[in-house]
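Heads up, the thing below is written out as structure tokens.
The values are calculated or read from the model by the stated rules, or taken from the named source; none is laboratory data. Only a predicted model underlies this, so the values are computations on that prediction, with no experimental measurement involved. As a convention, Cβ positions derive from the backbone with ideal geometry for all residues, glycine included, and neighbour counts pool all protein chains shown.
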Amino acid sequence: MKLVFFYLKGKTEPWAEQACEDLEKKINHFFTFERVAVKSKANDRDNAIAKTREETMALLNKFEPNDFVVLFDESGKEYKNSIDFSRAVIDCLGRQSSRIVFVIGGPYGFSDEIKKRANLQWSLSKLTMNHHVAQVVALEQLYRALTIWKGLPYHNS
């Protein structure tokens, strides 16, 4: 099984990129894991609908028919703690799919079309966060979930 993490790439923040690269290496100790940038055009705020449409098409073109797709979306299911989140991640790993795909959206969120394609939607927080921060948080929580699953000394209860 392979884990894939799609994110929309715009302006790069070196601190976030370094954190994501470090977490990507750590997750690769558990599963084949790939972080994939999906190009997102810079549009002004007046073109939010067009930007979301372009992002939708770019993401849908990256998905394979049998992918199990999990969106990180502020309207998704929120977990009360990292142990519950870990259980949800492990449940996903038990799916009969060759790829589990995690997706971080852009500044305007996900279209209804992407939400319909998704198998699950998870919230990282009720707070709105920059997509760079969301990537780091999502990857850290995925890594934490895997260490909890394996009983490794990372998470403190």
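A few comments on the model shown:
- Filtering 69, 89, 136, 101 for residues that are within 18 Å of residue 26 (Cα to Cα) and assigned to a strand (DSSP E or B) leaves a single hit, 101.
- Every listed requirement among (1) charged (D, E, K, R); (2) farther than 23 Å from residue 60 by Cβ; (3) out of contact with any Phe, Trp or Tyr (no Cβ under 8 Å at 6 or more places or on another chain) is met by residue 144 save one, (3).
- Qualifying residue in the stretch 41-54 (condition: under 16 Å from the mean Cα position of the chain (by Cα) and surrounded by 12 or more Cβ atoms within 10 Å (Cβ to Cβ)): no
- Test: residue in the stretch 75-82 that is part of a strand (DSSP E or B), of a type in the set (Phe, Trp, Tyr) and either in contact (Cβ under 8 Å) with a residue 40 or more places away in the chain or in contact with a His (Cβ under 8 Å, 6 or more places away or on another chain) (or both): no
- Any hit, the stretch 41-58, residues being under 19 Å from residue 3 (Cβ atoms), at pLDDT 90 or above and among the aliphatic types (A, V, I, L, M): no
- When each of 39, 51, 26 is tested for being farther than 21 Å from residue 122 by Cβ, in contact with a Leu (Cβ under 9 Å, 6 or more places away or on another chain) and touching a residue at least 24 places away in the same chain (Cβ under 8 Å), the lone residue that passes is 39.
- Taken over the stretch 145-157, residues that are surrounded by fewer than 19 Cβ atoms within 10 Å (Cβ to Cβ) and touching a residue at least 12 places away in the same chain (Cβ under 8 Å) amount to 4.
- The listed residues are 121, 96, 141, and the only one of them that is assigned to a helix (DSSP H, G or I) and either surrounded by fewer than 17 Cβ atoms within 10 Å (Cβ to Cβ) or under 13 Å from the mean Cα position of the chain (by Cα) (or both) turns out to be 141.
- Selection from the stretch 32-54 of residues that are acidic (Asp, Glu) and out of contact with any Phe, Trp or Tyr (no Cβ under 8 Å at 6 or more places or on another chain): 44, 46, 54
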